[in-house]
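Q: Before I ask anything, let me first share the structure, which is written out below as structure tokens.
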Amino acid sequence: ERALLTAVLHPARVAFVYLDPEARFVRVNDEAAATFGRRPDDLIGTTPAALFPWLWEQAGPPFRQVLDTGEPLRAVPVVGPTVGDGQSVREWLLSYYPVRLAGETAGVGIVAVDITDRMHSERVRTAVMSQVTDGVFTEDSDGRLTSLNRAGSRMLGWAESELRGRQTHEVIHFQTADGKPVAAADSPLRANAAPGRIVRAVGEIFTRKDGSTFPVTCTAVPLRIGTTLEGMAVIFRDVSPQPAARQRIRVLVA
């Protein structure tokens, strides 16, 4: 056990602690100790409730639940201050696993993943996308919608929650202006974007929630994680002709 802890858990880039039934630290890896601003040996035998009450207020109830039920809990959010810095706040996802010896729960192992940077990026993306005047939706590699910005929702008449997980082609981009169905394989936008190229298209037709259609110009941008193609983002703009009243030019002659 000690050799496994030294070889695997200590250098791991996730925080790991093992607490006994009295919630005392039994094992602490380097990442967890650094999170607390301590050395691993300084924490052994102490309790998080005594050292970090702000943490235990959030982490204590799930710990007791796992200890009582023997069932794991995963991805429990915890938010707290950075050690030694009263200004910044960090966020973690904690997963709790019962440790059993001879059929009895002898403690709880807790794995914590720091998601601060990920959540910050997500909030920035959401803030930016909410202000963009063009419609933007993203989809996974199977063509299912993963996000839709405010402008896109307004143009399409769909809320993001109504479309998330659905095939975008089957809902948004399945017919021509005269109502003729278009197969996904026949969609120039989808066929050209599939290999992971940036594609710009003019004259494409999108379908609103009420069944009406409107012409768009759009750009499909591949979304990659490393070298793996994870899906695409589509930026689109309604290019319907403006009503004559809006096209009128007024000239003042003095």
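Q: Give me the residue from region 127-147 that is open to solvent by 60 Å² or more (accessible area, probe 1.4 Å), more than 14 Å from Ala233 (Cα to Cα) and not in a loop (DSSP other than H, G, I, E, B) and, out of that set, modelled with the lowest pLDDT. Steps first, please.
A: Restricting attention to region 127-147, the residues satisfying the condition of being open to solvent by 60 Å² or more (accessible area, probe 1.4 Å) are 128, 131, 133, 141-142, 144, 146.
Of the ones still in play, those that are also more than 14 Å from Ala233 (Cα to Cα) are 128, 131, 133.
Those left that are additionally not in a loop (DSSP other than H, G, I, E, B): 128, 131.
Details: Val128: 61, Gln131: 71.
If we take residues in region 127-147 being open to solvent by 60 Å² or more (accessible area, probe 1.4 Å), more than 14 Å from Ala233 (Cα to Cα) and not in a loop (DSSP other than H, G, I, E, B), then Val128 is modelled with the lowest pLDDT.
Q: Moving to a separate point now. Hey, among Arg197, Arg150, which residue is over 22 Å from Gln131 (Cβ atoms), basic (Lys, Arg) and open to solvent by 30 Å² or more (accessible area, probe 1.4 Å)?
A: On the way: Arg150 fails: over 22 Å from Gln131 (Cβ atoms).
When all the criteria are applied, what remains is Arg197.
Q: For Gly179, only one of the following conditions fails: (1) under 23 Å from Thr228 (Cα atoms); (2) loosely packed, with under 15 Cβ neighbours inside 10 Å; (3) not basic (Lys, Arg). What is its number?
A: All conditions are met except number (1).
Q: Report, by residue number, each residue of region 57-85 that is without any contact (Cβ under 8 Å) to a residue 24 or more places away in the chain and buried (at least 17 other Cβ atoms within 10 Å of the Cβ).
A: Leu73, Val76 - these are the residues of region 57-85 that are without any contact (Cβ under 8 Å) to a residue 24 or more places away in the chain and buried (at least 17 other Cβ atoms within 10 Å of the Cβ).
Q: Among the residues of region 223-241, which ones are open to solvent by less than 20 Å² (accessible area, probe 1.4 Å) and over 16 Å from Arg144 (Cβ atoms)?
A: Of the residues in region 223-241, the ones open to solvent by less than 20 Å² (accessible area, probe 1.4 Å) are 231-234, 236.
Hit for region 223-241 is Phe236, nothing else.
Q: Is there a residue in region 108-117 that is among the charged types (D, E, K, R), within 30 Å of Met155 (Cβ to Cβ), part of a helix (DSSP H, G or I) and at pLDDT below 90? Spell out how you get there, then give the answer.
A: Step one: filter region 108-117 for residues among the charged types (D, E, K, R), giving 114, 117.
Checking the rest, the ones that are also within 30 Å of Met155 (Cβ to Cβ) come to none.
Within region 108-117 (the criterion being among the charged types (D, E, K, R), within 30 Å of Met155 (Cβ to Cβ), part of a helix (DSSP H, G or I) and at pLDDT below 90), the answer is no, since none of the residues qualifies.
Q: Moving on to the next point. Only one of (1) over 19 Å from the mean Cα position of the chain (by Cα); (2) in a strand (DSSP E or B) is not met by Val76, so which one is it?
A: For Val76, the failing item is (1).
Condition check ((1) under 25 Å from the mean Cα position of the chain (by Cα); (2) modelled with pLDDT of 85 or more) across all residues:
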residue	(1), (2)
Asn149	yes, yes
Gly152	yes, yes
Leu156	yes, yes
Ser161	yes, yes
His169	yes, yes
Ile172	yes, yes
Asp178	no, yes
Leu189	no, no
Ala194	yes, no
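Q: I would also like to ask the following. For region 161-191, name all the residues that are of a type outside the set (A, V, I, L, M, F, W, C) and in contact with a Lys or Arg (Cβ under 9 Å, 6 or more places away or on another chain). Walk me through how you get there before you give the answer.
A: Filtering region 161-191 for residues of a type outside the set (A, V, I, L, M, F, W, C) gives 161-162, 164-170, 173, 175-176, 178-181, 186-188, 190.
Result: Glu162, Arg164, Gly165, Arg166, Gln167, Thr168, His169, His173.
Q: Sticking with this one: Which members of region 208-219 meet the condition of being in a strand (DSSP E or B) and in contact with a helix residue (DSSP H, G or I) (Cβ under 7 Å, 6 or more places away or on another chain)? Steps first, answer last, please.
A: Going through region 208-219, the residues in a strand (DSSP E or B) turn out to be 213-219.
Hit for region 208-219 is Cys218, nothing else.
Q: Has region 213-222 got any residue that is modelled with pLDDT of 85 or more, surrounded by 10 or more Cβ atoms within 10 Å (Cβ to Cβ) and more than 14 Å from Gly135 (Cα to Cα)? It would help to see each step written out before you state the result.
A: Of the residues in region 213-222, the ones modelled with pLDDT of 85 or more are 213-222.
Filter again for surrounded by 10 or more Cβ atoms within 10 Å (Cβ to Cβ), leaving 213-222.
With more than 14 Å from Gly135 (Cα to Cα) added as a condition, the list becomes 213, 222.
There is at least one residue in region 213-222 that is modelled with pLDDT of 85 or more, surrounded by 10 or more Cβ atoms within 10 Å (Cβ to Cβ) and more than 14 Å from Gly135 (Cα to Cα).
The values are calculated or read from the model by the stated rules, or taken from the named source; none is laboratory data. Here the structure is a predicted model, which means the values were calculated and not measured. For neighbour counting, all protein chains shown are included, and Cβ atoms are generated from backbone atoms with ideal geometry for every residue, glycine included. Surface accessibility is based on the protein's heavy atoms, side chains included, excluding ligands, DNA and RNA. Shrake-Rupley method; radii C 1.70, N 1.55, O 1.52, S 1.80 Å.
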